[in-house]
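Some notes on the structure that comes next.
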Amino acid sequence: MAVKKQNSKKAGRTVTEDVLLDVKNLRVEFKMKNGVVRAVDDISYQVRKGEFLAVVGESGCGKSVSALSLMRLLPEKAATITADHILFDGIDISSIPMSEMRKLRGRRISMIFQEPMTSLNPVLTIGDQICEPLITHLGMSEEQAEVRAIELMAMVGIPEPKNRLPQYPHQFSGGMRQRVMIAIGLACEPDLIIADEPTTALDVTIQAQILELLKDISQRLGIAVIMITHNLGVVAAYADNVNVMYAAQIIEKGTASDIFANPAHPYSIGLLRSVPRMDKPRGGRLATIDGLPPNLMNPPSGCRFYARCPMAQESCAKTDQSLQETKGSEMHQTACYFSEKALKEGALIYETDVSVQGSSTVDKSGEPLLSVSSLRQEFSVSFRTGWFSSYNGSVKAVDDVSFDIYPGETVGLVGESGCGKTSVGRAILHLNDPTSGKIAFDNLSINKKSIALVRQDMQVIFQDPFSSLNPRMTIGEILEEPLKVHNIESDPEKRLQRISELLVKVGLYPYMSDRYPHELSGGQRQRVGIARALSMEPKLIICDEPVSALDVSVQAQIINLLEDLQRELGIAYLFIAHDLAVVKHISHKVVVMYLGQIMEVGEGDQLYGEPKHPYTQALLDAAPIPDPEIERKRKRSILKGELPSPINPPNGCVFSTRCPKVVAACTSGRPELLRVGTEHMASCVLLDER
Amino acid sequence: MLQYALRRILLVFPTLFAVAVLVFLVLRVVPGDIVEIKMTAEGGIVSQEEIERERERLGLNEPLYKQFFTYMIGLPRGDLGVSLWTERPVSQEIGSRIALSFELAILSTILAVLIAFPLGTLSALYRGTVLDYVIRIITIGGIAVPSFWLGMLLIMFAITFFGKLPPLGTVSIFDDPLTNLYQLIWPALSVGYRYSSVVARMLRSSILEVLSEDYIRTARAKGVFERLVIVKHGMRNALLPTVTVIGLEFAFLLGGLVVTESVFNLNGIGKLFVDSVVRNDLNLLQGLVLTVATCFVFVNLIVDLLYAALDPRIRYQK
Amino acid sequence: MTTKIQTNEKMVEKPKRRTIGDFIKQQPLGFIGIVMIIIMFLAAVFAPYVAPYDPTDIDFMASPALGGGQPSIEHPLGADAFGRDILSRLIFGARTALSIGFFSAFIGCSIGAIIGTASAFFGGKVDLLIQRFIDLMLSFPIIVLAIVVIAIFPKTVIFGIDVNVIVAIAIPFIPKTARVIRSQALAIVTLPYVDAARANGFSAKRIIFRHVLPNVTAPFLIMMTAFIGQAILLEASLSYLGLGVVEPTPSWGLMLAGVNADYYRSAPWMILYPGVAVSVAVFSFNLFGDSLRDWLDPKLKL
C-alpha cells in the first residue's frame, strides 16, 4: 500500500524525465475487403517508470490493437501503424527497423496475453519456453538459463519448479499457465509489461491471485504495467492511472480516483453507472447507454459518442473533440465540450425511471414454483483405451443440491467454473437426465416423461448469443417455430402479429424478423433469445450466464430488460452466473456452489453482507469493486491453491483443501447445511461448533 | 511414451484380425460362386460336374466356418492360399513383386517430400502473392492430372528427347543402383506429382493455421528471431497433420500404383492386382487386398508413433 | 415501459447478404472453375449438336495406323486408331465422365451423410460399431476398394449407364463422408440452439431435419464437389485399366487405354487430348470445391 501511494504521487507530477513511454498520435488502420477500418485513431498518452496504467473500454474500442501495435505484433500486411512518435526510453519504436524492435521485445517490453490455454507452445517444455528469452537476449548458456528459470518459476508461485521445468503446457492449469506467462515476461527484467486482459479467461479466485502477483512483482522490481481490461473492478483495485477508450479514441484519462470519483465524459459516467455493484444494496435500475458503438469503417464526424450521449447538443456532431484539461486535476483530461456540466451533474445525466426503483418483492406464502431436492447429476467419464474397451468412471457434477424458487422470484446460482451450476440448470430442464433427486414444478413431479407437460412453462436463455440461434433460420422463423409446433397460435396472421409484439417487448424492431442471426449484434441476439423464451409465456426462465458474453453497457440493458419483464409478467428466474455483482443485483436469493455442492444460501444483501461460509467470504474478497477508495481500504485474503479435480474430490468438506480456516474436523465428514438466519443457510463445520 | 507405444502396438492385432475377417467375408460370401465366375469367364460352356470338381479341389465345398478357420490359421504363417491362375502360392506371387512396388513407393515419397516442403512453406509464407497463386494452381493441378497420363507424357517426352522408351524396372537396386534409380525415377515422378501436391497443400494450410496461433504471437513478443519463430515454434506444430498425410498417402500409394505400373509395364503388385481381377483370380485378389490393408495398418502405426514423438499431448496420454 | 424500444438504432437498411457477385469478386479461381464446369455440362447435354461427328463413326482412312488422323480442319484434334474423331469422342466422353462423376459422388456422399448423422445421433454402441467399421473401410485405398467391387459384382448396365462403375466409385466415398458429417453433426448437437429446441420440447425428427441437417449442408456440398472431381479421375483410371466403361462408349480413360508404344511417336494427339480433358475437368471441380470451402466453411477439414 505504501508503494502505491508513492506511485500515485509520482503519477501526479508532470516531470518528464521519468517518462518511460510517450505515445503521440498513434493510428492503426486495417485494410479490409470492403474498406479501411481505423481501429486506433490518433491516441496519445504517456507511461511513467513504475506506473500501473489501465486501458479500459468495451470490445472493439481499439484497446488491444493499440497495445499490440506498441509491440509491432500486428500482421504487417493487414495493419498500417503510423504515429508522430512512440518514444520508449528515448527510442522511437515506431520507426526503428524490425531487427531493432525484436531486441526490445521480451528484453525491455514484455507482453502477457489473454488466453493462457493457447498462448504457450504445446510441443515445447515450459523450461524451454522460459529459457528462450534468457538465451536470446542475455546470451545465457542453457544451464544458466535453467537455473534462472527455476528462480523465476518460484518467484511467480509455481510449486516444485525444478520438477515442473521439463513438463509441457497441457500439464498445467489455466492459472498456472498464466503464471508461466508472467515468468516469461519477467525473465529479462523488462521496464514495461503490457498485459492484455490477463485474467479474463480465469476464475475470480485465480484472477485475484494473478493480479496480486503482477502488482506485487511490478512494484518490487519497478516495472511499469499497461493493463488492458474491460473489468472496471480490476481497474479500481490495481491501476494508478486510467485511459478510457471509446470507438478507437481515448475519450478520458486521469488518475484512478479522477476517473472513478469524478468522471467527466458522459461515456465514462455511463460505463461506471451501468456496472452492478456488489457493495450496494439490491434494487434500482442500472443506467444504460442506449444503442451501439459506431462502425469504425465509416465513423461519424464530430464526437463519436454523439448518437448515444444523453447530453448531446447539435454542435457535438459537427466538431471533433480532443482531450482537454478538466477542472480540478491537472492530470485529468476529457474529450467533451460539456465535461464541466457532466462533471457537475454526474449520474443525473442518465435518466433513470424512478417509478420502478426498488426491488420487487416475492410472495412466499404459497407453494414454491420449482422445488429441487437432493439433486444429483453424475457424468460418466470414459475414454477409449482400445477398440471396444474404455476406461469408465464418473464425475459428480451436482452432489445433493436442494433449493426452492417461488413465483416471481429470482434465485442466483453462483460459483466458479466446474462448480456444477450449469449442470443444475440442465438437469432441471432435463437436457441431461439427472442421476437422482426430486424436481417438482408447479406441484408436478418432473421426470423424463412429465417434463413434456411443463416444457412451455419452463424456458431457457443461454450464454453464447452467437450459437444459441440456428444460423439457418431468420429471427421470425425462430420465434414462430414454438408457436407453430405447440399450436399456441394457429392463425398465421396472428402469429406474425405476436412475433412483432414479442420483438418490441424485448426492445427490437418488428422489421428485424426477416434478418438472420449473424446480421444482429451480440446484445440483439440475446434479446432474440429472450423473446424466444417469452413466446411460450413461461412461469420460469433458466438463464445460463445470459450476460457474461456481453459488454458492460449491453449487459446493463439486458439485466434491466429481464427485471422489467419480471415486474410485468411475474416470471421467476434461475439466474446462473459467475459474476458476483451481477448475481447480487438481480437475485432475491443467492445460492453459492463449489465442486457440485451448495456452500451457502441466503437472501442477497444478507449473504453478501455477512457471509458465513469461508468460501463465500473468499469469493467476495476476490472480486474487486469498481471504486478505488473502497479497494484501497479493503483487506482481502486471497484464496490459495486451485480447484481440485472433480473426478477425485477431497474427502469431507470439499472446500477443506483450500479453506483458510480449515480444522481437523473438516476432513472427517461432509458438513450439513445449517440454518444461520431466517433465510440463510451455510454448510461449514465451524458453524456447527458455535 | 512407452506406455502409449505399447498400447498402440497392441492395437495392431485386433485391427489386422478385423481386416482379415472383412476381406474374407467380402470375397467369399458376397459374390456367390467364384469358381463358376472364373470358369465361365474363361469362355465356353462348363459342365456342372467340372465346376463341382474344381470346387472340391480348392476346398470351397467345406462349410464356411471351416474355410474361415483354415484361412485364419494360414494367415500368421503367411499362407494366403494358392493362386487360381498360376497355381503357385499367393504369398510367393506377391513376395516376388512387392519389393519393386515398395521401392517405387519409397522413391515417390522421397521425391514428393523434397518437392512438397519448399512448395508448401513458400506458399504459406508468401500467402496472397503471385508466388502463392502459382504454387496453388500447380498443386491443385497435381490432384487433377491423372498419374497414369502423366506417366504417358513422360514416356512421350523421353521418346522425343532420347529417341527410345525409358528402360523399365528390370534391374535390382542391389545389382546396379544407378540404373535401377534411372529406371524407376520416371514412374516415381508420375506418382510423385500428385503425392507432393497433396502434401504441399496440407503443409500450406497447417502452416497458415499454426502461424495464426496465439503461441506464435507469444514467441514474437519474446523477441525470438523470426526464423526461429517459424522453424522452432511454427514448423514443429505444422508438421503434425502433415506427417499424417504423408503416411496416409504412402499407404494409399501401394494401391495407387495399380495404374502407374500398368503404364510403365512394371511387374509390381499393382499390375498383379489388375491381372488378378482380369483373370478372376479371387484368391490372389484376396491376398493382395490383405497385403495392402496390412501395409496401411503398419504405416498408420508408424505415423501414430511419430505423432506421439512430436506431440507431448499424445505422448502423455494415459 | 417495455414498449419503449431501448435500442436507439434507427431503422437501418437491410444488411447486405452475400451474393453471387461477391463470390466472383472474392473467389475468382472458384468462379473460373464453375464457368468451366458449366461449359462442360452444356457440351455434354448438347453433345449431338456440338460434336462434329458421331463418336462411334469409324473411318479407317483417317487412322494413324495408316498414317492419317493428324489434327486438321476435318478433325480438329485428330482421329484415333479407328479413325474416329477425337473431339467428338471427347465431347461425348464428357457425358460419361460427368454423369458417372455426379451420380457416384451424390450416392456416396448421401449414404455417407445418412450413416454419419445416424451414428452421431444414436451414439453409444451403434456409433462405436459404425466408427470401427468406417476405420476399417478407410484402411483400403480408394482404387483398391473400387476394383474389388468391380471384381465381385456382375456387370450391370441400365439406360446405358454403367451401374457397376458408379457403385464401385461411390462405395469408397461413403466412409469418408460419414466420418466428416458425423463429426459435424456431433458438434452441432451440443450447440445451444439445439438445446433450446430440446428445451422447447420439439420432436427428435424436427430437431434433426430443421436444426441439424440444414447446418451440415455446407460440408456436404463442399465434399460432393471435391468427390465429383475424384470420381472423374477414378472413372478414367478404371476405364484405362479395362475395368470401367467398355467400348464403344466414349470415355476419356478408355481413349487412353490400349494406346501402344507406336502411337507415342506417330500420333501424340491420341494421348494428349483425352488426358487434358480429364485434367481440366478435375481441375475445375477442385478449383470450385476449394473456393466453395473458403466461402462457406473455411475451417472444414476433409
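The values are calculated or read from the model by the stated rules, or taken from the named source; none is laboratory data. All values reported here derive from a predicted model rather than from experimental measurement. So basically every Cβ, Gly included, is an ideal-geometry build from the backbone, and we count neighbours across all protein chains shown. Just so you know, the surface numbers come from the protein's heavy atoms only, side chains and all, with ligands and any DNA or RNA stripped out. Shrake-Rupley method; radii C 1.70, N 1.55, O 1.52, S 1.80 Å.
Looking only at the range C:88-134, count how many residues are part of a helix (DSSP H, G or I) and either touching a His at 6+ places or on another chain (Cβ under 7 Å) or within 14 Å of chain A (Cβ to nearest Cβ) (or both). Quick ask: steps written out before the conclusion?
Of the range C:88-134, the ones part of a helix (DSSP H, G or I) are C:88-122, C:124-134.
From what is left, the residues that are either touching a His at 6+ places or on another chain (Cβ under 7 Å) or within 14 Å of chain A (Cβ to nearest Cβ) (or both) are C:124-134.
So the count comes out to 11.
If a residue has to be open to solvent by 60 Å² or more (accessible area, probe 1.4 Å), assigned to a loop (DSSP other than H, G, I, E, B) and either at pLDDT below 85 or within 16 Å of residue A:252 (Cα to Cα) (or both) to count, how many in the range A:302-318 make the cut? Talk me through it step by step, then tell me what you get.
As a first pass, look at the range A:302-318 and keep what is open to solvent by 60 Å² or more (accessible area, probe 1.4 Å): A:306-307, A:310, A:313-314, A:318.
Next, only the ones that are assigned to a loop (DSSP other than H, G, I, E, B) stay: A:310, A:313, A:318.
Retained after the next criterion (residues that are either at pLDDT below 85 or within 16 Å of residue A:252 (Cα to Cα) (or both)): A:318.
The qualifying residues number 1.
Please work out if residue A:631 is acidic (Asp, Glu) and not in a loop (DSSP other than H, G, I, E, B).
For residue A:631, the condition - acidic (Asp, Glu) and not in a loop (DSSP other than H, G, I, E, B) - is met.
Identify the single condition in (1) under 22 Å from residue A:481 (Cα atoms); (2) part of a loop (DSSP other than H, G, I, E, B); (3) more than 10 Å from chain C (Cβ to nearest Cβ) that residue A:543 does not satisfy, given that it satisfies every other one.
(2)
Just to be sure before I move on: is residue C:213 assigned to a helix (DSSP H, G or I) and at pLDDT 90 or above in the structure I sent?
no
Do we find a residue being of a type outside the set (Val, Ile, Thr) and in contact with a His (Cβ under 7 Å, 6 or more places away or on another chain) anywhere in the range B:223-244?
There is at least one residue in the range B:223-244 that is of a type outside the set (Val, Ile, Thr) and in contact with a His (Cβ under 7 Å, 6 or more places away or on another chain).
Would you call residue C:143 part of a helix (DSSP H, G or I) and open to solvent by less than 10 Å² (accessible area, probe 1.4 Å)?
no
Would you check which residues across the range A:100-109 are more than 7 Å from chain B (Cβ to nearest Cβ) and within 15 Å of residue A:181 (Cβ to Cβ) and list them?
A:109
For the range A:524-561, how many residues are free of Cβ contacts under 8 Å to residues at least 40 places away in the same chain and under 22 Å from residue A:361 (Cα atoms)?
Total meeting the criteria: 1.
Would you please name the residue that is nearest to the other protein chains (Cβ to nearest Cβ), looking only at residues in the range A:450-508 that are in contact (Cβ under 8 Å) with a residue 40 or more places away in the chain and acidic (Asp, Glu)?
A:464
Within the range C:78-86, is there a residue that is open to solvent by less than 20 Å² (accessible area, probe 1.4 Å), of a type in the set (D, E, K, R) and either at pLDDT below 75 or not in a loop (DSSP other than H, G, I, E, B) (or both)?
Checked the range C:78-86: at least one residue is open to solvent by less than 20 Å² (accessible area, probe 1.4 Å), of a type in the set (D, E, K, R) and either at pLDDT below 75 or not in a loop (DSSP other than H, G, I, E, B) (or both).
Condition first: among the acidic types (Asp, Glu) and away from every other protein chain (no Cβ under 14 Å). Can you find one or more residues in the range A:212-222 that meet it?
Here is the first cut: in the range A:212-222, the residues among the acidic types (Asp, Glu) are A:212, A:216.
Pick out the ones that are also away from every other protein chain (no Cβ under 14 Å) and you get A:212, A:216.
Yes, the range A:212-222 contains a residue that is among the acidic types (Asp, Glu) and away from every other protein chain (no Cβ under 14 Å).
Condition first: more than 11 Å from every other protein chain (Cβ to nearest Cβ), of a type in the set (A, V, I, L, M, F, W, C) and open to solvent by less than 40 Å² (accessible area, probe 1.4 Å). Can you find one or more residues in the range C:272-286 that meet it? I'd like the intermediate steps shown before the answer.
As a first pass, look at the range C:272-286 and keep what is more than 11 Å from every other protein chain (Cβ to nearest Cβ): none.
No.
Filter the range C:255-271 down to the residues that are surrounded by fewer than 16 Cβ atoms within 10 Å (Cβ to Cβ) and in a helix (DSSP H, G or I) and list them by number.
From the range C:255-271, those surrounded by fewer than 16 Cβ atoms within 10 Å (Cβ to Cβ) are C:258, C:260-262, C:265-266; that's our starting set.
Answer for the range C:255-271, where residues must be surrounded by fewer than 16 Cβ atoms within 10 Å (Cβ to Cβ) and in a helix (DSSP H, G or I): C:261, C:262, C:265, C:266.
Would you check if residue A:597 is in contact (Cβ under 8 Å) with a residue 60 or more places away in the chain and either crowded, with 18+ Cβ neighbours inside 10 Å or not assigned by TED's automatic domain parsing to the domain that holds residue A:285 (or both)?
It is true that residue A:597 is in contact (Cβ under 8 Å) with a residue 60 or more places away in the chain and either crowded, with 18+ Cβ neighbours inside 10 Å or not assigned by TED's automatic domain parsing to the domain that holds residue A:285 (or both).
Please state which of the following conditions residue B:245 fails to meet, knowing it meets all the rest: (1) more than 10 Å from chain C (Cβ to nearest Cβ); (2) open to solvent by less than 10 Å² (accessible area, probe 1.4 Å); (3) over 16 Å from residue B:27 (Cβ atoms).
(2)
State yes or no: is residue C:228 over 22 Å from residue B:256 (Cβ atoms), open to solvent by less than 50 Å² (accessible area, probe 1.4 Å) and under 20 Å from the mean Cα position of the chain (by Cα)?
No; evaluated as a whole, the condition is false for this residue.
If I ask for residues that are farther than 20 Å from residue A:100 by Cβ and either open to solvent by less than 10 Å² (accessible area, probe 1.4 Å) or outside any helix (DSSP H, G or I) (or both), which ones from the range B:208-236 would you list?
Within the range B:208-236, B:212, B:213, B:216, B:218, B:233, B:234 meet the criteria.
Table: residues versus (1) within 11 Å of chain B (Cβ to nearest Cβ); (2) open to solvent by 10 Å² or more (accessible area, probe 1.4 Å).
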residue	(1), (2)
C:223	no, no
C:235	yes, no
C:240	yes, yes
C:250	no, yes
C:253	yes, no
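Considering only the range A:25-99, give the strands (runs of 3 or more DSSP E) lying wholly within it that have at least 3 residues that are open to solvent by 10 Å² or more (accessible area, probe 1.4 Å) and touching a strand residue (DSSP E or B) at 6+ places or on another chain (Cβ under 6 Å).
A:35-48, A:79-82
Which ones in the range A:160-200 are outside any helix (DSSP H, G or I), more than 22 Å from residue A:108 (Cβ to Cβ) and within 11 Å of chain B (Cβ to nearest Cβ)?
Hits for the range A:160-200 are A:166, A:167, A:168.
Within the range B:120-142, does at least one residue satisfy the condition of being within 14 Å of chain C (Cβ to nearest Cβ) and not in a helix (DSSP H, G or I)?
Yes, the conditions are met somewhere in the range B:120-142.
Residue A:20 - would you say it is within 14 Å of another protein chain (Cβ to nearest Cβ) and modelled with pLDDT of 90 or more?
Taking the combined requirement at face value, the residue does not satisfy it.
Here are the criteria: (1) assigned to a helix (DSSP H, G or I); (2) over 24 Å from the mean Cα position of the chain (by Cα). Tell me which single one residue A:650 does not satisfy.
So residue A:650 meets the others, but not (1).
Quickly run through the range C:105-158 and pick out the residues that are of a type in the set (Phe, Trp, Tyr) and either more than 25 Å from residue B:244 (Cα to Cα) or within 18 Å of the chain's Cα centre (by Cα) (or both).
Filtering the range C:105-158 for residues of a type in the set (Phe, Trp, Tyr) gives C:106, C:121-122, C:133, C:140, C:153.
If the condition is that a residue be of a type in the set (Phe, Trp, Tyr) and either more than 25 Å from residue B:244 (Cα to Cα) or within 18 Å of the chain's Cα centre (by Cα) (or both), then C:106, C:121, C:122, C:153 are the ones that fit.
Which of the residues spanning the range A:204-227 are buried (at least 22 other Cβ atoms within 10 Å of the Cβ) and assigned to a loop (DSSP other than H, G, I, E, B)?
Correct list: A:223 only.
Out of the range A:509-536, which residues are among the aliphatic types (A, V, I, L, M), more than 8 Å from chain C (Cβ to nearest Cβ) and outside any helix (DSSP H, G or I)?
A:520
Within the group A:544, A:579, which residue is touching a Gly at 6+ places or on another chain (Cβ under 6 Å), open to solvent by 10 Å² or more (accessible area, probe 1.4 Å) and at pLDDT 90 or above?
Criteria check complete, one pass: A:544.
Among C:185, C:197, C:178, which is touching a His at 6+ places or on another chain (Cβ under 7 Å), crowded, with 21+ Cβ neighbours inside 10 Å and in contact (Cβ under 8 Å) with a residue 12 or more places away in the chain?
Exactly one residue qualifies, and that residue is C:197.
Kindly indicate which of B:125, B:131 is open to solvent by 70 Å² or more (accessible area, probe 1.4 Å) and at pLDDT 90 or above.
Being open to solvent by 70 Å² or more (accessible area, probe 1.4 Å) and at pLDDT 90 or above holds for just one of B:125, B:131, which is B:131.
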